[in-house]
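One structure below.
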Amino acid sequence: MAKKPGSKPSKLSVYLYIPNIIGYTRVLLNCYAFHVCFTNKILFSILYFFSFVCDAVDGWAARKFNQVSTFGAVLDMVTDRISTACLLVVLSQVYKPGLVFLFLLALDIASHWLQMYSTFLMGKTSHKDVKDSSNWLFKLYYGNRMFMAYCCVSCEILYLILFYLSENHTEKLMDVLATNLQKISILSFLIATSLVGCTIKQLTNVIQLKTAADACVLYDIDKKHKQ
């Protein structure tokens with residue numbers, strides 16, 4: 001039976017929003033992808049990248065069907081962070097020095113967590129609302145969908161390529177990058193372009209971490225001043 005206009009949706013109906021169902025599908029795809037990552041690299045890459053593409057699909061579905069929800073936004077971000085974190089952990093085990101990937105993992109989680117927390121402190125509804133930021137790169141990243149998509153896709157493609165190129169779990173990261181960048185091929189082009197986008201994303205994460213930390217500190221200062 002059709003729901004009356006303006007009626008309050010049930011808790012179950014929100015859980016069953018189309019974009020949220022897509023989110024659950026992403027979780028299942030990632031679980032199976034990592035289950036087979038060392039036995040079938042091609043299948044892993046396909047499943048992981050398809051899950052990543054679904055990240056854009058669930059956002060489109062949320063707007064298309066008017067099913068935007070806080071739960072969906074959190075599910076989306078948590079799925080993104082955990083899937084990328086798992087891939088970075090895997091890369092840290094097959095490349096030397098593995099600490100590089102663990103550092104990127106920590107930076108990714110810390111910057112996004114602080115950004116989400118500072119967003120709520122400032123009373124904003126989205127962590128992507130950075131209109132009041134004075135940093136041009138930070139504003140460009142969250143203000144231009146195509147630019148943000150390029151940076152995010154670049155990171156995932158670079159990580160997937162690196163995993164695909166790993167063979168004996170003892171490769172040196174810089175040697176693999178240097179060897180493949182010297183070749184004239186589609187793969188070297190993908191590595192070069194994704195390396196640029198990934199670098200920009202990491203710079204943005206550093207800016208995001210500092211900006212969010214400043215927001216938390218300013219909140220504390222204002223709170224003490226009002227007491």
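The values are calculated or read from the model by the stated rules, or taken from the named source; none is laboratory data. Source: prediction; values computed, not measured. Protein only, heavy atoms only, side chains kept; ligands, DNA and RNA dropped before computing areas. Shrake-Rupley method; radii C 1.70, N 1.55, O 1.52, S 1.80 Å.
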Determine Rg/Rh for the chain; Rg is computed over alpha-carbon atoms and Rh is the Kirkwood hydrodynamic estimate from the same atoms.
1.02
Given an 8 Å cut-off on Cα distances and at least 6 residues of separation, report the relative contact order of the chain as a percent.
20
First compute the accessible area of segment 35-173 with a 1.4 Å probe, then give the percent of it belonging to carbon and sulfur atoms.
68
Between ASP214 and PHE38, what is 0.36 nm times their sequence separation minus the Cα-Cα distance? Round to one decimal in nm.
59.2 nm
Selected from LYS11, LYS124, LYS172 as most flexible by GNM, with the chain as the system and alpha-carbon contacts under 10 Å
LYS11
How far, in nm, would the chain grow between VAL206 and LYS223 when pulled straight, counting 0.36 nm per residue and subtracting the alpha carbon separation?
3.5 nm
Based on the alpha carbon coordinates of segment 1-74, what radius of gyration and maximum Cα-Cα distance (Dmax) apply, in Å?
15.3, 51
Eligible lysines near LYS223 by straight Cα distance, threshold 18 Å, same-chain separation 8 or greater
LYS124
What accessible area per residue comes out for the chain, rounded to a whole number of Å², with a 1.4 Å probe?
61
Would you mind checking LYS64/LYS131; LYS131/LYS210; LYS128/LYS210 for any pair whose Cα atoms are more than 20 angstrom apart?
LYS64/LYS131
